[in-house]
Structures are given as C-alpha cells and as structure tokens.
1. Pairs, please: C-beta under 6 Å, at least 6 apart or cross-chain, first residue closer than 13 Å to residue 38 by Cα and in the stretch 54-66, second at pLDDT 90 or above?
2. Scan (1) at pLDDT below 95; (2) part of a helix (DSSP H, G or I); (3) loosely packed, with under 12 Cβ neighbours inside 10 Å for the single condition residue 23 breaks and write down its number.
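The values are calculated or read from the model by the stated rules, or taken from the named source; none is laboratory data. In this text, all values refer to a predicted model and were calculated from it rather than measured experimentally. Cβ sites come from the backbone with ideal geometry, for glycine too, and all protein chains shown count toward neighbours.
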C-alpha cells in the first residue's frame, strides 16, 4: 500500500472513530493522545505548532535529550 493510500485509510478511520465517539470523547481522545506523545516521544501537534509560531530554546533542548 502506498503512503498516500495509508494516509487516506487512516484519515477515514479517524473520521469514523470520531463519528462513533461523538464530540466530547473525540476531544478527550485528542488530549490523551497529545499527552502520551508529549511524554513518550517528546513531539506532538501542539508542540509543532508552538515551535512554528514561537520557537522556544528550552523546548528544543528538552526534545533533543535522550
């Protein structure tokens, strides 16, 4: 399966999961996912947007630490 096809399948799956869960639980799932990614791999959508808009050296240093 090509990468584009994988992106389409994941997007479609996410749409159906959000539709099934409803707004409240979709937001809860988003927050939990962001927090897990923040502490597990030190990277998530929130940090990417923050660093794009307002880069912070402390966060850059924290992300590099192994």
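1. 63/42
2. It is condition (1) that residue 23 fails.
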